[in-house]
Amino acid sequence: MKFGTSRGLERERPLINLVSMIDATFLLLSFFLVTSGSAMLEGRLTGALGTSRGASGDLQAVVVEMLGTNQATWYRMAGRRIDGDAALAAMLQPMNKEPGIALRIHEGPSVADAAQLMQIVRDAGFQRVSYAPAP
């Protein structure tokens, strides 16, 4: 920006362009309005698993682990070994479905076995199903 001549004979008034400043102000204003609105909505989201009222000691999700190999798989729930799909379905049927269920599948079983486990859980009446990888 040239504020004067090199000889100093005439001085021009500097021109300030306000259009770019107004654009930047509206851009920042719209950014903060949009992001503050989404933070309020995000706070109301509930997880797929957890407690029903948010207090500790309430209903906890059931965790079913799938172990074994491609040829032979078995399940573990609450420290008990369960052999066979029918036995697992019989154990899941009388349980409370509200808190949900977490499936933890170890390295041995195949993808088809994992899909079969998910179908057993859905048939038992669980609506909230989460996948938790094995540690």
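Points worth noting:
- Considering residues of segment 73-87 that are among the hydrophobic types (A, V, I, L, M, F, W, C) and either part of a strand (DSSP E or B) or over 18 Å from ALA134 (Cα atoms) (or both) only, the residue nearest to the chain's Cα centre (by Cα): MET77
- Within segment 96-125, if we keep just the residues that are closer than 12 Å to VAL63 by Cβ and not charged (D, E, K, R), the residue that is modelled with the lowest pLDDT turns out to be PRO99.
- Among the residues of segment 95-135, none is identified as in a helix (DSSP H, G or I) and under 18 Å from the mean Cα position of the chain (by Cα).
- If you filter segment 59-72 down to residues that are buried (at least 16 other Cβ atoms within 10 Å of the Cβ) and either β-branched (Val, Ile, Thr) or within 16 Å of ILE120 (Cα to Cα) (or both), you find that the one that is farthest from the chain's Cα centre (by Cα) is LEU67.
- Restricting the first member to segment 63-88 and to residues that are free of Cβ contacts under 8 Å to residues at least 12 places away in the same chain, and the second to residues that are in a helix (DSSP H, G or I) and surrounded by 13 or more Cβ atoms within 10 Å (Cβ to Cβ), the beta-carbon pairs closer than 6 Å and six or more apart or on different chains are ILE82/LEU88.
The values are calculated or read from the model by the stated rules, or taken from the named source; none is laboratory data. What you see is a predicted model; the values in this text were computed from it and never measured. For neighbour counting, all protein chains shown are included, and Cβ atoms are generated from backbone atoms with ideal geometry for every residue, glycine included.
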